[in-house]
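Student: This is the structure, below, for whatever I ask next.
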Amino acid sequence: MAQVRSNPQLILKPQDLVVLLRLCLERGPSPTYAALGTELGLTASEVHAGLERATQAQLARKDAAGKATVVREALRLFLVHGARYSFPVTRGGMTRGVLTGYAAPPLRDRIVQPDEPPPVWPHKNGSVRGEALYPLYPTVPDIALRNPALYELLTLFDAVRGGSPRERALALPLLEERLA
């Protein structure tokens, strides 16, 4: 009987993308793994492992001191051309939650809101009733309520990964602008 070997193939996880998007907001030194973990609802070891995977995927690089920085152009290309296929949208029924996609800033002001329930991340403290669009990672609604800039990046990504062609066309330049 042949021995089954494990597959050493790298697989990015949704939380890796959340960490990378958060790091894109930094203009100075990166926060510690512990600080990022606290902010994102992850453990320091989950942040570290995510940045290791991102480094292997060439979406981040580490300096001599081991501090990770995002390779913005690589992340931009991944978000524009591949991430929606790696992390497809999962939808659910009506629920209370936090607005996302076309119904959230910054797209909310650029798209005439249809007469249908908006997409929302299910959340117990959400203020809007709408159609569930499950977030990239379970802690995303909590993160969004605390960090408006990251909220915008995450909702733009939701418009790219789950929106109509028109919504994607409006979201992509805004996402690229914020990643520059």
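The values are calculated or read from the model by the stated rules, or taken from the named source; none is laboratory data. Worth saying up front: this structure is predicted, and the values here are computed from it rather than measured. Neighbour counts are summed over all protein chains in view; Cβ atoms, including those assigned to glycine, are modelled from backbone coordinates with ideal geometry.
Student: Please find, within the stretch 28-48, the residue that is modelled with the lowest pLDDT out of those that are assigned to a loop (DSSP other than H, G, I, E, B) and either touching a Phe, Trp or Tyr at 6+ places or on another chain (Cβ under 8 Å) or more than 21 Å from residue 76 (Cβ to Cβ) (or both).
Tutor: 29
Student: If we scan the stretch 19-27, do we find a residue that is touching a helix residue (DSSP H, G or I) at 6+ places or on another chain (Cβ under 7 Å), without any contact (Cβ under 8 Å) to a residue 12 or more places away in the chain and not in a helix (DSSP H, G or I)?
Tutor: no
Student: Something else about it: Out of the residues in the stretch 68-79 meeting the condition of being out of contact with any Cys (no Cβ under 8 Å at 6 or more places or on another chain) and surrounded by 13 or more Cβ atoms within 10 Å (Cβ to Cβ), tell me which one is farthest from residue 180 (Cα to Cα).
Tutor: Selected residue: 68.
Student: A further question on this structure: Inspect all residues belonging to the stretch 37-52 and state whether any of them is exposed (fewer than 15 other Cβ atoms within 10 Å of the Cβ), within 18 Å of residue 141 (Cα to Cα) and not hydrophobic (A, V, I, L, M, F, W, C).
Tutor: yes
Student: For residue 149, work out the one condition from (1) closer than 20 Å to residue 80 by Cβ; (2) in contact with a strand residue (DSSP E or B) (Cβ under 8 Å, 6 or more places away or on another chain) it doesn't fulfil.
Tutor: (2)
Student: Looking at 99, 150, 133, 174, which one is at pLDDT 95 or above and within 12 Å of the chain's Cα centre (by Cα)?
Tutor: After applying the criteria, what remains is 150.
Table: residues versus (1) closer than 21 Å to residue 72 by Cβ; (2) surrounded by fewer than 18 Cβ atoms within 10 Å (Cβ to Cβ); (3) polar (S, T, N, Q).
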residue	(1), (2), (3)
92	no, yes, no
97	no, no, no
100	no, no, yes
114	no, yes, no
125	no, yes, yes
129	no, yes, no
146	no, yes, no
158	yes, no, no
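Residue-wise test of (1) more than 20 Å from residue 70 (Cα to Cα); (2) outside the structural domain of residue 18 (by TED's automatic domain parsing); (3) among the charged types (D, E, K, R).
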site: 127; (1), (2), (3): yes, yes, no
site: 142; (1), (2), (3): yes, yes, yes
site: 150; (1), (2), (3): no, yes, no
site: 153; (1), (2), (3): no, yes, no
site: 156; (1), (2), (3): no, yes, no
site: 168; (1), (2), (3): yes, yes, yes
site: 171; (1), (2), (3): yes, yes, no
